[in-house]
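Colleague: I am attaching a structure below and will ask some questions about it afterwards.
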Amino acid sequence: MKNYLDHYLTEHKTAIDSIPLDVVEEIILKFTEALKAVRQIFVFGNGGSAANASHFITDLGKGASDKTFRRFRCMSLNDNTAWITAIGNDYSYDDIFYRQLENFAKEGDLVMMMSVSGNSPNLIKAIEYCKNKNIFTIALTGKAGGKIADLADLVLKVHSDHYGRVEDCHMHICHMIAYAFMEN
């Protein structure tokens, strides 16, 4: 077991080292612009990425907002289970994010989606909606990037295809963003 654990951590450190800090800095600047312009920020993903989105929005909306000159207008589209299941049941699971964006998002807002594969149909529909509405999009993905990486305005790829490592790295990135406002 120790060999497995050593190997796991070695591979995890490699994934962490692949995070392009210049892109993280660009993302932080986009969040700063959104804060200054009182724009809405939407974050979402599926599975572990959904949990990361909820965690990140809590850090941004509470912790980071406590340290800034204005509170972040931010929302995880993963957090209203009743709405998600109503959309999924009455329309399609592929619509769960873009239909929420139809209600809330407007031109100039900011969307950040997280996905290891980058190929989830509900994320693709959401990013296509954003492109048509002039909503700035950020994609955090795994090594392959997928379709959302081809469509996003700003892309950060973690160079691993291991779901756990990529999701962990996405949370590292989310913490870097939030703590840039809390500690900087």
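The values are calculated or read from the model by the stated rules, or taken from the named source; none is laboratory data. All figures in this text were calculated on a predicted structure; none of them were measured in a lab. In this analysis, Cβ positions are derived from the backbone assuming ideal geometry, glycine residues included, and neighbour counts consider all displayed protein chains. Accessible surface is based on the protein model in full, side chains and every heavy atom, while ligands, DNA and RNA are left aside. Shrake-Rupley method; radii C 1.70, N 1.55, O 1.52, S 1.80 Å.
Colleague: How about region 75-106: which chymotrypsin sites (Phe, Trp or Tyr not before Pro) there lie in a loop by DSSP and see at most 13 other Cβ atoms within 10 Å?
Modeller: When the chymotrypsin sites (Phe, Trp or Tyr not before Pro) of region 75-106 are filtered for loop state and at most 13 Cβ neighbours within 10 Å, Y91 remain.
Colleague: While we're on this one: Compute the accessible area per residue over the chain, keeping the other protein chains in place, probe 1.4 Å, unit Å².
Modeller: For the chain, the per-residue accessible area is 49 Å².
Colleague: Only helical DSSP H runs with n ≥ 4 go in: add -39500 (n - 2.57) per run for the chain, normalise by residue count and round the 222 nm mean residue ellipticity to 500 deg cm²/dmol.
Modeller: Computed ellipticity for the chain at 222 nm equals -17000 deg cm²/dmol.
Colleague: Taking +1 at the Cβ of each Lys and Arg and -1 at the Cβ of each Asp and Glu, which of L9, A50, A178 sits farthest along the dipole of the chain towards its positive end, judged by Cα position relative to the Cα centre?
Modeller: Positive-end residue among those listed: A178.
Colleague: Taking a virtual spin label 7 Å from the Cα of A51 along the C-beta vector, which residues in region 144-184 bring their backbone nitrogen under 18 Å of it?
Modeller: 162-175
Colleague: Another question, if that's okay. Quantify, in whole percent, the carbon and sulfur part of the accessible surface of region 1-145 (1.4 Å probe; protein heavy atoms only).
Modeller: After summing per-atom areas, the C and S share lands at 51 percent.
Colleague: Determine the percent antiparallel among the DSSP beta bridges restricted to region 111-177, to the nearest 5.
Modeller: In region 111-177, DSSP labels about 0 percent of beta bridges as antiparallel.
Colleague: What does the charge count near G108 come to, summing +1 for each Lys or Arg and -1 for each Asp or Glu among other residues with Cβ under 14 Å from its Cβ?
Modeller: Net local charge, G108 excluded: +3.
Colleague: Next question, about the same structure. Taking the Cα centroid of region 112-129 and of region 7-69, what is the distance between the two, rounded to the nearest whole Å?
Modeller: The two parts, judged by their Cα centres, are 16 Å apart.
Colleague: If you put +1 on each Lys and Arg Cβ and -1 on each Asp and Glu Cβ, how big is the dipole of the chain around its Cα centre, in Debye rounded to 20?
Modeller: 360 debye
Colleague: For the chain, with a Gaussian network of springs between Cα atoms less than 10 Å apart, report the residue from S18, S92, S115 with the top mean-square fluctuation.
Modeller: Greatest mean-square fluctuation among the candidates belongs to S92.
Colleague: Among A152, I124, Q40, which residue has its Cα furthest toward the positive end of the charge dipole of the chain, with +1 on Lys/Arg Cβ and -1 on Asp/Glu Cβ?
Modeller: Most positive-ward Cα: Q40.
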